[in-house]
């Protein structure tokens, strides 16, 4: 690279040539800045997302300064000072470059995080209040990585520091293992997307309700009793989840109906279908169906299957249909049997 500067040997004085080389690198840096700021920015305008426009706006200044600083490093090498001067000047310049790109990396990570969380929140309902938290975690990670690079520039052995950080990290991980487990459980929920805000879910622990919030640490479910349940994401990630709202918001309900032996099945089936269709929560397509399941001990066992509009209406709809069945069967004289036992008493004869 110093050959580029040597090609600018216009003057017999190396210092004049050094100044000319720095001017040349400033011109190159300005050309690169114009290319990134004008050409690439126009190209990114054709994309649907504006995240690339924001990233271009962030990096064009660091690219400009980096080219100038590289030119200064090469110019100093061209002047051939003592190794000690080279070490300290290069260390300062490369440290400045590292700081510039650390700031740029933090700004880029904030842009990416904000865009990603907005997209995820639109799907899952994740609160946007966690954006500062995630940005701060990302900022700390970038700063730590940048400090490691700067220490390497100054030839400082970072092995003891990494070892100490590993020990400290292990201690923190043991102390906050539940929090970490919930955090990664939340990540798995966001990645798999087994449910979203507004879905009715049933967990194998028995909880059933509407998902009202999905956070990094926990998920909140509101039951039909208007009770808010907060479930750690580690439990969510390790549980079997039944999403009653997926893949469609409709839910099929099964209503068992027993009629006495000797009843005419056809009028019973017709009455059950009519009762279902008269309910405003029941869908006409798919149409309600009645199945004759079995011959019971004291009754004919039937089952009415019908689709309701959404899972939240299940209990109310089952209640309304059961009331309608009871009233309709009384009108038609259809008997609903109940278990009976005949008890025979025998008197011992003496």
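Flag set for residue 93, criterion: in a helix (DSSP H, G or I) and within 41 Å of the chain's Cα centre (by Cα). Is at least one residue of the range 70-90 touching a residue at least 12 places away in the same chain (Cβ under 8 Å), surrounded by 17 or more Cβ atoms within 10 Å (Cβ to Cβ) and under 27 Å from residue 139 (Cβ atoms)? Yes, because at least one residue in the range 70-90 is touching a residue at least 12 places away in the same chain (Cβ under 8 Å), surrounded by 17 or more Cβ atoms within 10 Å (Cβ to Cβ) and under 27 Å from residue 139 (Cβ atoms).
Note on the range 211-233: residues that are assigned to a strand (DSSP E or B), surrounded by 14 or more Cβ atoms within 10 Å (Cβ to Cβ) and under 18 Å from the mean Cα position of the chain (by Cα) total 10. Taking residue 30 and the conditions (1) closer than 30 Å to residue 156 by Cβ; (2) at pLDDT 85 or above, which numbered condition does it fall short on, given that it satisfies the others? Just one mismatch for residue 30, condition (1).
Please go through the range 215-240 and pick out each residue that is in contact with a strand residue (DSSP E or B) (Cβ under 7 Å, 6 or more places away or on another chain) and either closer than 21 Å to residue 320 by Cβ or not assigned by TED's automatic domain parsing to the domain that holds residue 199 (or both). Across the range 215-240, the qualifying residues are 223, 224. Within the range 34-51, identify whether any single residue is within 26 Å of residue 144 (Cα to Cα) and either in contact with a helix residue (DSSP H, G or I) (Cβ under 7 Å, 6 or more places away or on another chain) or surrounded by fewer than 17 Cβ atoms within 10 Å (Cβ to Cβ) (or both), and answer yes or no. So far as the range 34-51 goes, yes, one or more of its residues are within 26 Å of residue 144 (Cα to Cα) and either in contact with a helix residue (DSSP H, G or I) (Cβ under 7 Å, 6 or more places away or on another chain) or surrounded by fewer than 17 Cβ atoms within 10 Å (Cβ to Cβ) (or both).
Across the range 258-281, the qualifying residues are those that are without any contact (Cβ under 8 Å) to a residue 24 or more places away in the chain and in a loop (DSSP other than H, G, I, E, B), and the one among them that is surrounded by the fewest Cβ atoms within 10 Å (Cβ to Cβ) is 262.
Scanning the range 292-314 for residues that are surrounded by fewer than 17 Cβ atoms within 10 Å (Cβ to Cβ) and within 14 Å of residue 276 (Cα to Cα), we see that the one that is nearest to the chain's Cα centre (by Cα) is 309. Per the listing 201, 255, 236, the residue uniquely buried (at least 19 other Cβ atoms within 10 Å of the Cβ), without any contact (Cβ under 8 Å) to a residue 60 or more places away in the chain and assigned to a strand (DSSP E or B) is 201.
The values are calculated or read from the model by the stated rules, or taken from the named source; none is laboratory data. Bear in mind the structure is a predicted one, so any value in this text is a computation, not a measurement. Neighbour counts run over all protein chains shown; Cβ positions are idealised from the backbone, glycine included.
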